[in-house]
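See below for the structure under consideration.
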């Protein structure tokens with residue numbers, strides 16, 4: 001067998017992209033991340049009639065929570081680099097303001113927003129310092145930035161999936177792929193590193209808290225979320241279609257033999273919020289980058 005990823009194909013999409021999984025994300029993952037996005041909005045506590053930016057909004061659950069918080073007189077904007085995610089989000093939430101934009105070069109003037117949120121986004125940036133700089137730049141002085149990250153927990157569901165993945169590719173190959181897709185995941189699973197990162201970006205004060213969320217879903221839906229995660233997308237890209245289907249059959253068999261259906265998953269999440277000080281300047285921030 002020749003791995004699919006080694007065969008030349010100019011039309012193949014980058015497996016790290018999100019356009020092709022947008023529909024699955026909206027159906028399976030958006031309902032899980034929506035409560036966390038709402039908690040981030042509560043942390044930044046935007047004023048009624050204020051302006052909020054949700055960075056890496058995906059299909060818009062964060063922007064939706066922000067719009068509810070600021071009310072009809074306020075403005076919430078969601079930005080994402082994936083046009084596929086934004087198109088699905090526009091169909092699911094047609095009243096939202098969604099735009100394609102890179103977090104490292106946000107198309108807004110300095111001090112535009114009362115608050116900025118970024119739900120499970122920070123670990124994806126190649127240069128997270130640059131992304132943080134621009135998110136703080138568009139904040140008003142005294143405005144708040146809130147981010148979330150999965151905490152340092154690997155439950156039996158994740159361990160089972162990872163073992164199945166390791167059976168079709170070496171652990172080193174999978175880890176290298178994950179490091180390319182989510183380069184800072186390990187850093188931001190550590191609450192002290194997350195706090196330090198926001199302080200180094202110039203935010204003050206900074207607060208980080210750990211919360212647990214409960215998710216319940218059918219086993220087949222859980223496996224589908226793993227398919228659309230970075231490890232699943234990489235393995236699908238690597239394997240021939242027939243081998244990928246065989247892998248999924250083994251995954252479904254293993255999960256149905258080992259776990260109850262539906263499964264109940266408890267995940268710990270780090271929520272962090274920091275304030276842009278009145279004296280924050282471009283020069284100060286750039287000196288920290």
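The values are calculated or read from the model by the stated rules, or taken from the named source; none is laboratory data. Remember, it's a predicted structure, so these values are computed and weren't measured experimentally. Heads up, the Cβs are rebuilt from the backbone with ideal geometry, glycines too, and the neighbour counts pull from every protein chain shown.
Assess whether residue 120 counts as being surrounded by fewer than 23 Cβ atoms within 10 Å (Cβ to Cβ), at positive phi, in contact (Cβ under 8 Å) with a residue 12 or more places away in the chain and in contact with a helix residue (DSSP H, G or I) (Cβ under 7 Å, 6 or more places away or on another chain).
Yes: the conditions hold for residue 120.
Here is a list of conditions, (1) within 27 Å of residue 127 (Cβ to Cβ); (2) modelled with pLDDT of 95 or more, and residue 104 meets all of them except one; can you say which number that is?
Here residue 104 clears every test but (2).
Identify the single condition in (1) within 22 Å of residue 25 (Cβ to Cβ); (2) touching a helix residue (DSSP H, G or I) at 6+ places or on another chain (Cβ under 8 Å) that residue 144 does not satisfy, given that it satisfies every other one.
(1)
Conditions (1) outside any strand (DSSP E or B); (2) in contact with a helix residue (DSSP H, G or I) (Cβ under 9 Å, 6 or more places away or on another chain); (3) buried (at least 16 other Cβ atoms within 10 Å of the Cβ), marked per residue:
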residue	(1), (2), (3)
194	yes, yes, yes
207	no, yes, no
216	no, no, no
227	yes, yes, yes
235	yes, yes, yes
247	yes, yes, yes
255	yes, yes, yes
260	yes, yes, no
271	no, yes, yes
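Could you list all residues from region 1-53 that are at pLDDT below 95, assigned to a loop (DSSP other than H, G, I, E, B) and more than 14 Å from the chain's Cα centre (by Cα)?
1, 2, 3, 7, 8, 9, 10, 11, 12, 13, 14, 15
Does residue 56 fit the bill of being without any contact (Cβ under 8 Å) to a residue 60 or more places away in the chain, under 15 Å from the mean Cα position of the chain (by Cα) and buried (at least 23 other Cβ atoms within 10 Å of the Cβ)?
Criteria not met by residue 56.
What residue, of 148, 72, 90, is touching a strand residue (DSSP E or B) at 6+ places or on another chain (Cβ under 8 Å), over 24 Å from residue 206 (Cα atoms) and at pLDDT 95 or above?
90
Scan (1) part of a helix (DSSP H, G or I); (2) out of contact with any strand residue (DSSP E or B) (no Cβ under 6 Å at 6 or more places or on another chain); (3) within 24 Å of residue 149 (Cβ to Cβ) for the single condition residue 202 breaks and write down its number.
(1)
Yes or no: region 42-49 includes at least one residue that is buried (at least 18 other Cβ atoms within 10 Å of the Cβ), touching a strand residue (DSSP E or B) at 6+ places or on another chain (Cβ under 9 Å) and more than 18 Å from residue 270 (Cα to Cα).
yes
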